[in-house]
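Engineer: One structure, as structure tokens, below. Some questions next.
Bear in mind these aren't lab numbers, they're just calculated from the coordinates by the rules spelled out. These numbers were taken from a predicted model, which means no experiment stands behind them. Here Cβ is always computed from backbone atoms with ideal geometry, including for glycine, and neighbour counts include all displayed protein chains.
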Amino acid sequence: MSERDLWITEVALRDGSHAISHQYTIEQVELVARELDKANVPYIEVAHGDGLGGSSLQYGLSLTNEMDLISAAVNVVHQAKIAVLLLPGIGTVEHLKEAATRGAKVARIATHVTEADVSKQHLTYAKEIGMETVGFLMMSHMASVEKLVEQANLMESYGADTVYVVDSAGALLPYQVRERIRSLRQSLDVPIGFHAHNNLSLAMANSLIAIEEGATRIDGSVRCLGAGAGNTQTEVLVAVLDRLNKKTGIDVYKLMDVAEEIVAPILKKPQEITRESLLLGYAGVYSSFLIHANRAAKQFQIDAKDILIELGKRKVVGGQEDMIVDVAAEIAQKRVNV
């Protein structure tokens with residue numbers, strides 16, 4: 001690569017949607033996207049936290065139509081490509097078509113780590129309409145390395161230009177990241193990406209290990225803005241990579257300013273590793289479940305910790321948000337019967 005050794009995707013305007021209960025305004029998206037573009041960030045993801053079509057009572061209602069947010073971002077960038085995330089079953093091909101019409105250039109198709117086969121239709125369609133395609137294997141801690149490789153190969157065969165190992169729960173330990181990225185690098189012909197969450201305070205370390213093992217597409221979120229305890233903090237990642245003489249093409253000083261002056265004021269409270277977000281990583285629970293678990297805990301007057309632990313025991317995965325209320329109701333009922 002001439003200008004960049006690594007390609008960073010900024011996810012604050014999608015994963016960060018969870019942290020602010022999906023309440024981004026057009027003005028906020030315009031401001032953040034414009035300044036990220038000026039900092040030379042190559043990819044900026046914009047969507048509901050759970051991807052296209054996610055705005056619902058189950059996943060969290062958006063303040064603003066996500067297609068309008070995509071258009072807002074597209075209209076203010078000059079060099080960055082706007083990316084969207086889609087989870088088959090939540091988002092549809094029609095959502096993808098409209099996002100492309102609005103100017104999105106990258107389709108990131110996300111499935112549970114053992115369900116890559118459901119991405120075929122969406123990856124194929126995205127390729128047909130000229131979008132750059134990414135296969136996004138979520139909850140990668142829940143499958144063996146061999147299974148992960150098998151599923152990644154499926155996504156590559158469907159036309160994915162890049163395949164990501166996604167640590168949706170922030171549960172992967174460094175050695176597990178190393179063996180997964182190494183195995184994919186040995187098996188695939190397309191670039192490998194890595195998306196981390198910071199629930200065990202390992203997002204930065206795991207991202208660096210992924211890079212050591214050959215991943216060239218890395219996700220980050222300015223000011224750590226994301227689900228659970230947030231993602232790899234982009235401005236910190238870019239600064240560290242600069243110290244390592246890894247070319248990202250991003251203006252590290254400008255990115256620091258964006259994080260401090262523009263994104264920080266949007267946060268209702270600083271991203272930190274709370275008891276509940278730590279439990280997400282410890283129990284291996286989907287990071288976006290945190291807000292739903294806290295809400296259910298308040299509704300049933302129980303401890304969110306008990307809900308998260310039980311969700312981990314049951315190995316509940318993304319797309320099963322309805323189970324959170326069921327689990328909370330069961331715990332509350334058991335206490336009544338004691």
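Engineer: Within a 10 angstrom radius of the beta carbon, how do L255, L61, L290 rank from fewest other beta carbons to most?
Structural biologist: With the fewest neighbours first, L255, L61, L290 line up as L61, L290, L255.
Engineer: Follow-up. If packing is taken as the average number of other Cβ atoms within 10 Å across a peptide's residues, how do 271-281, 194-204, 19-29 rank, most packed first?
Structural biologist: On the way: 271-281: 20.2, 194-204: 25.8, 19-29: 18.5.
By packing density, highest mean first, the sequence is 194-204, 271-281, 19-29.
Engineer: Measure of size requested: the Rg and Dmax of the stretch 249-310, with Cα atoms as the atom set and Å as the unit; please supply both.
Structural biologist: Rg, Dmax (Cα atoms, Å): 15.9, 49.
Engineer: While we're here: Taking a ≥ b ≥ c as the square roots of the eigenvalues of the Cα gyration tensor of the chain, is the shape rounded (a/c under 1.5), prolate (a/b larger than b/c) or oblate? Provide the component values of the computation, followed by the final result.
Structural biologist: Numbers: a/c = 1.39, a/b = 1.27, b/c = 1.09.
Verdict is rounded for the chain.
Engineer: Could you give each residue of the stretch 31-46 its phi-based ³J(HN,Hα) in whole Hz, using Karplus coefficients 6.51, -1.76, 1.60 with θ = phi - 60°, and x for Gly or Pro?
Structural biologist: With the stated coefficients, the stretch 31-46 comes to 5, 5, 5, 4, 6, 5, 4, 5, 7, 6, 6, x, 10, 10, 8, 10 Hz.
Engineer: Looking at the chain only, what percent of DSSP beta bridges run antiparallel? Nearest 5 please.
Structural biologist: Details: 2 of 34 bridges.
Within the chain, antiparallel bridges account for around 5 percent of the total.
Engineer: HN-Hα J couplings of the stretch 176-188 from phi, Karplus 6.51/-1.76/1.60, θ = phi - 60°, integer Hz, Gly and Pro as x?
Structural biologist: 3J(HN,Hα) across the stretch 176-188, in whole Hz: 6, 5, 4, 5, 6, 5, 4, 5, 5, 4, 6, 9, 9.
Engineer: Could you give each residue of the stretch 229-238 its phi-based ³J(HN,Hα) in whole Hz, using Karplus coefficients 6.51, -1.76, 1.60 with θ = phi - 60°, and x for Gly or Pro?
Structural biologist: 8, x, 10, 4, 6, 4, 5, 6, 4, 5
Engineer: Next question, about the same structure. When T114, T162 are ordered from fewest to most other Cβ atoms inside 10 Å of their Cβ, what list results?
Structural biologist: Details: T114 16, T162 23.
Sorted ascending by nearby Cβ count, the order is T114, T162.
Engineer: Give the shape of the stretch 198-252 as rounded, prolate or oblate, defined through the alpha-carbon gyration tensor: a ≥ b ≥ c are the square roots of its eigenvalues, a/c under 1.5 means rounded, and otherwise the shape is prolate if a/b is larger than b/c and oblate if not.
Structural biologist: Details: a/c = 2.11, a/b = 1.36, b/c = 1.55.
Oblate, because a/c is 1.5 or more while a/b does not exceed b/c.
Engineer: Moving on to the next point. State whether the stretch 168-296 is rounded, prolate or oblate according to the following rule on the C-alpha gyration tensor (a ≥ b ≥ c being the square roots of its eigenvalues): a/c under 1.5 gives rounded; otherwise a/b larger than b/c gives prolate, and the remaining case gives oblate. List each step's numbers first, then the result.
Structural biologist: Details: a/c = 2.37, a/b = 1.14, b/c = 2.09.
It comes out oblate by the Cα gyration axes.
Engineer: Order of R180, R243 from fewest to most other C-beta atoms within 10 Å? It would help to have the intermediate numbers written out before the result.
Structural biologist: On the way: R180 28, R243 9.
With the fewest neighbours first, R180, R243 line up as R243, R180.
Engineer: Could you list log10 I(q)/I(0) for the stretch 147-227 at q = 0.11, 0.12, 0.14, 0.24 Å⁻¹, which the Debye formula gives when each Cα is one point scatterer?
Structural biologist: With no solvent term, the Cα-only Debye profile gives -0.26, -0.31, -0.42, -1.11.
Engineer: Counting pairs of Cα atoms in the stretch 43-142, how many percent are more than 22 Å apart?
Structural biologist: On the way: 1203 of 4950 pairs.
In whole percent, the share of Cα-Cα pairs in the stretch 43-142 beyond 22 Å is 24.
Engineer: Two decimals is fine: what's Rg over Rh for the stretch 288-337, C-alpha atoms, Kirkwood radius as Rh? List each step's numbers first, then the result.
Structural biologist: Values: Rg = 9.8 Å, Rh = 10.6 Å.
With Rh from the inverse mean 1/r over Cα pairs, Rg/Rh is 0.93.
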